[in-house]
Each structure stands twice: as structure tokens, then as C-alpha cells.
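One structure below.
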Amino acid sequence: MTWPMLFGVLSLMSFQLADSIFIGQLGRDPLAALGFTVPMQQLITGLQVGLGIATTAIISRTLGAGDEQRAVRLAGLVVTTGATLVCLLALGLWLLRDTIMTLLGAEASLLPMIRLYWMPWLVAAWTGAVLYFGYSICRSHGDTKLPGLMMMAASLLNIALDPLYIFVFGWGLPGAPLATITSFGVGCLVIYPALFRRGWIAFDLARLELGQSIRQLGGIMAPAMVSQLMPPVSAMLATALVAGFGSAAVAAWGLGTRLEFFSIVVVLALTMSMPPMVGRLLGQGDIGTIRKLVRLAVRFIVVWQLAIALLWLTTSGLVSELFTADRQVSDVLGDYLLRVPLSYSGLGVCMLMVSVNNALGLPMRALLISTLRLFACYLPMLWLGGQLGGLTGLMSGALAGNLMAGVMAYLLYRRGMKTLSAASVPSG
């Protein structure tokens, strides 16, 4: 079930990188405008992923109980609720766009370009969220092939339309989100008819106990969203720190963040495949095998992410020139690629520990790891590095913060395992 989603997520990362490459050819200011949308995109993604987690959990559990009619109606409730919530969030972001940009430290000269970009970008984000809810319904029924294939198809279409919309039609910066709207719209036209044909969705909400169903959805969605929304809050604070060094720094940081998403795609796949395995072993009381499995995964992540870091290290000059024609942005991105990717092993271990602790039935420990990573390790080191060494110091701070977070997460996991082992001794 993991492989189709791995390729799907990889293709999504690829189209986002392609967007950055094409926009980078327009100059520094369009790239900086794109950089300021990254934390906002993470905010919308946090909402949709939190609801997606709740969708998969509730619908699969309902199907397991044999109540297919309720599962079908719950799918309709998920799409209705999700589309409404994301629409309200997008509307709020649009109305507060100038305030948000000012708080993030955007230069006044960038505001007209950001306004031009944000309307189609917010529509693209809403369309992507609606498509994602369709994917979540498919996954809850055990089908990952259709979502994986559609992610790849939509991403390839987006990449093909980008140069057409941006350069050939002369739409410039807004052409990128317009290409995304088109590709995601086509995805919706494939996914939702398939859901109706298979009988997996119905908007018969009148026959659903709405109060109970919304509470059930919210009970799972709320903690998942808290965990998902912390990274965008952190990203906004990080962007505000970076903005103090100018628009070139923001542009390079935005590009670096997109490369980071691309670099940790294998870790994301592991966070999807590990929990079911850990859960089954926990149910069998086999704590020893869980320890071995997690140790193996941690070693793999450390070695794999160091290999990725070496790849960025050796190709930093080429990659930075590929992504932008602006020399100043290219130089800053080159510095980023020399430092920050070395910390992806720590970041990967931290992400895995959050996933494993959730599977072990330790959600508060998972939430603690997420909170400490961002607000006790990453952001303080980012600020300290910026104070001591300017922009280069800030990037070194990101390196130190992620590595500290990885060590902290693993130590908290081991402490949780000791607690579980002690609790299992009497029953053993």
C-alpha cells in the first residue's frame, strides 16, 4: 500500500520543484513572493492532512464494523466539512493577506506582486484540498493505486502546463497556480466519478447523525491537526527571521524548503508503513521486535539522509544555478545546500519517532516530540545562529537544531519504550 503513495508524493514534490524552477526564471521578486506562500501552504496542508487522518481512521473502522452505508455517508460529510473549512481558511488568508505579509517581514515593493499571485494560489490550494479528501476516501477503502496514479498524472499535467501558462500565454507568476488549478481540477473530475461509481461516497447527510459524526470526526482530527499545524507556525516564524536578511534570502529559503520536502519523501513513506507493523507487534506484546524494527529504521534513515545530504553538497552549485537566474539568490541557496541538508537525518529520525509513538498508543509523547523539536530546538537555534553569524549562522542554526531534535526524539522514544516494557511485565 505504501509504494503507490510514495511515487504519488514524489511526483507532487516534483511538480512543486518544477514550479520553483519556472518561477525562478522570472526573477528574484516573483521567487520571493512564492517563498512567502510556503508557510501559508503548510497551514492549509495541516488542516487537510488532519482531516485526512481522521477520514482514514473513521471510515476504515466503520467498514470493519460492517456498516457500509454509514461509511458512504461519512465520506460525503468529510468532503462537505473539509471543503467548507479550507474555503473559510483561504478566505481569511485573502482578507488578511497584507497584515500577514507585513508580520512576515515582506518588503512593501513585493505586496502588489503577492496580491496578484495569492488569489489564484488560494483557489489552487482549495482545489488541491478537495482532491486530497477524495484520495483519503480511496485509502480508507484500501485503494492506494488510484490516488497514487492520479497524483502522478496531475503532477505531470501541471509540469506540462507551467511553461505554457507562464511564458507562452504571458501570464507570468499567476500562471503557475492557474496550471495547478487546471491539473487538480482534472484530478477531481477523475476521482469523484470513480468514488460514485464504486458506491464509496454519498451526500445523504440527512440520514447521518450529524452531531455524533462531527464529534467523532473532530475527536481524531483535532490532535492530528495540532501536530500538523505546528510546522507551519514554525515556518512562519522562521520566514520572519529570514526576511530580516532581505528578499534574496526569503527566495532562497523558500527554494530550500521545497528541496527539503523532496529530500525526505522516503521518510514520509516510512512514517506511513511503520505504524501498522508497530501496532500489530504491540498487540502481540512483542516489545523486543518493535525495538529491533525501530533501530533498523533509524539506522536506515541516518544513512539514507546523509547520502541525500552528500548529493546536495556535491551538486549545490549546479542546483542553485538551475533554480534561479538571480546571482544573489543562487549564492544564498548554495550556502543553504552546503549546511541544512546535513541535518535531514535528525529531522527524519524525529518524524519517525512521532509516527512510532502514535502507533505505540503514546500520542501525548508524540505531540511533545513535535513541540520540542520546533520550539526548544529548531527555532531557538535558528535565532541564535542568526544573531551570532548572520544568514550563514542562521543556516548553521537550522543544522544544529534539527540534529538536536533527532537525538531528543530518540531519547524520548526509548523512555516511552521502558514504560511500555515495565507495563507488559506483569501480564507476561
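Projecting the Cα atoms of 166, 185, 348 onto the dipole axis of the chain, where Lys and Arg carry +1 and Asp and Glu carry -1 at the beta carbon, places 348 farthest toward the positive end. As a length-normalised measure over Cα pairs under 8 Å and 6 or more apart, the relative contact order of the chain settles at 22 percent. As a length-normalised measure over Cα pairs under 8 Å and 6 or more apart, the relative contact order of the stretch 253-351 settles at 40 percent. Can you classify the stretch 195-234 as rounded, prolate or oblate using the Cα gyration tensor, where a ≥ b ≥ c are the square roots of its eigenvalues, rounded means a/c under 1.5, and otherwise it's prolate if a/b beats b/c and oblate if not? Judged from the Cα gyration tensor, the stretch 195-234 comes out oblate (a/c at least 1.5, b/c at or above a/b). Here, P(r) means the percent of Cα pairs in each 10 Å bin from 0 to the largest distance; for the chain it is 5, 21, 31, 27, 13, 3, 0, 0. Rounded to the nearest 20 debye, the dipole magnitude of the chain is 1360 debye, with +1 charges on Lys and Arg beta carbons, -1 on Asp and Glu beta carbons, and the Cα centre as origin.
Length available on full extension from residue 108 to residue 318: 0.36 nm per residue minus the Cα-Cα distance, which gives 72.4 nm. Across the stretch 327-428, the convex hull enclosing all Cα atoms gives 84 Å³ per residue.
What the Cβ-Cβ distance of residue 189 and residue 422 gives, at R0 = 56 Å and to the nearest 0.05, is a FRET efficiency of 0.55. Quick check: at a probe of 1.4 Å, how many percent of the accessible area of the chain sits on carbon and sulfur atoms? So the carbon and sulfur contribution to the accessible surface is 69 percent. Taking the stretch 83-101 and a reference point 7 angstrom along Cα→Cβ of residue 203, the backbone N atoms nearer than 20 Å belong to 83-91.
Of the peptides 411-422, 31-42, the ranking by mean beta-carbon count within 10 Å, highest at the top, reads 31-42, 411-422. Among 162, 143, 98, the sequence by solvent-accessible area, most first, with a 1.4 Å probe is 98, 143, 162.
Model label sites at residue 414 and residue 311, defined 7 Å from Cα along the beta-carbon direction, differ in position by 3.0 nm.
Here each label is just a point 7 Å from Cα along the line to Cβ, and for residue 295 and residue 169 those points are 5.6 nm apart.
Toward the positive end of the charge dipole of the stretch 34-150, with +1 on the Cβ of Lys and Arg and -1 on the Cβ of Asp and Glu, the farthest Cα among 108, 127, 75 is that of 75.
Only residues of the stretch 225-251 count here: report those whose backbone N is under 16 Å from the spot 7 Å along Cα→Cβ of residue 331, or say none. So the set is 245-251. Take the alpha carbon atoms of the stretch 372-399, find their center, do the same for the stretch 201-279, and report the distance between the two centers in whole angstrom. Here the two parts' Cα centres lie 22 Å apart. Computing Rg and the Kirkwood Rh from the Cα coordinates of the stretch 155-228 gives a ratio, Rg/Rh, of 1.20.
The values are calculated or read from the model by the stated rules, or taken from the named source; none is laboratory data. Predicted model only: the values in this text are computed from it and were never measured. Neighbour counts are summed over all protein chains in view; Cβ atoms, including those assigned to glycine, are modelled from backbone coordinates with ideal geometry. Please note that ligands, DNA and RNA were not included when accessible areas were found on the heavy atoms of the full protein model with its side chains. Shrake-Rupley method; radii C 1.70, N 1.55, O 1.52, S 1.80 Å.
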